[in-house]
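Working notes, beginning with the structure itself.
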Amino acid sequence: ELGKGTTFKVLFPGSKNALQSNRPKKASAASSWKGSGSVLVVDDEESVRNVTKMILEKTGFTVLTATDGRHGVEVFKAHKDVICAVLVDMTMPYMDGAEAFREFRKIQPQIPVILSSGYNEQDAREQFAEKGLSGFIQKPFQMRALVDVFRQVLSAQPPRA
C-alpha cells in the first residue's frame, strides 16, 4: 500500500537434499589423491600462476612457474629431467601455448602437456588434433577440476625412468 511499504512472502518447497547437504561429505578422489614430482605451470597471468601453484603444491607437487611460452621453454630445458607434466596457457605473449607445446615435445616427446584456456575445449583441442595433447582444463577452473585433470593425465602415463 502507498505509504505503508510492501511485504513479500516467498515459499520454497521442502527438500530432503537440503537436510543431506549438512552432513559431512565423503572425500572425493580429487581431494584424496596426492601427486608427486615437479610440474611446470606456464601462464602470463600472475594470479593464475600463483593460485595454480598453491593448489598443486597442496596436492603434493613441486611447482616451477613461467610467465610466458618462451620463458616456459627455458625453464623446461633447465629442468626437463625432473618435470613430470606441463600446464600451459593457450594465449600468451612472446610465444603462445601451441608453439610452446611444440617446443616441449621437441625436447621431450612423451611429456604430458595439459592445455588451459578460456576458450571452449572443442575449439582448443581442434588446434592440437593428433598432436598428443594430454589434457585440457577450461578457465576459470576450480581446485577439484585442476587436481582431477592432473590425476587423470598422470595416472595414464607410464612411470618415468
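Name the pairs: first residue in region 139-152 and farther than 11 Å from residue 114 by Cβ and in a helix (DSSP H, G or I), second residue at pLDDT below 90 and of a type outside the set (A, V, I, L, M, F, W, C), Cβ to Cβ under 8 Å, at least 6 apart or on different chains?
Listed by first residue and then by second, the contacts come to 144/28; 144/31; 147/31.
Exactly one condition in (1) over 20 Å from residue 151 (Cα atoms); (2) hydrophobic (A, V, I, L, M, F, W, C); (3) within 17 Å of the chain's Cα centre (by Cα) is false for residue 75; which is it?
Evaluating residue 75 over (1) over 20 Å from residue 151 (Cα atoms); (2) hydrophobic (A, V, I, L, M, F, W, C); (3) within 17 Å of the chain's Cα centre (by Cα) leaves (3) as the failure.
Is it the case that region 83-102 has a residue that's in contact with a strand residue (DSSP E or B) (Cβ under 8 Å, 6 or more places away or on another chain), within 20 Å of residue 37 (Cα to Cα) and either of a type in the set (Asp, Glu) or surrounded by fewer than 16 Cβ atoms within 10 Å (Cβ to Cβ) (or both)?
no
The values are calculated or read from the model by the stated rules, or taken from the named source; none is laboratory data. This is a predicted model, so every value here is computed, not measured. Ideal geometry is used to build each Cβ from the backbone, glycine not excepted, and the neighbour counts take in all protein chains shown.
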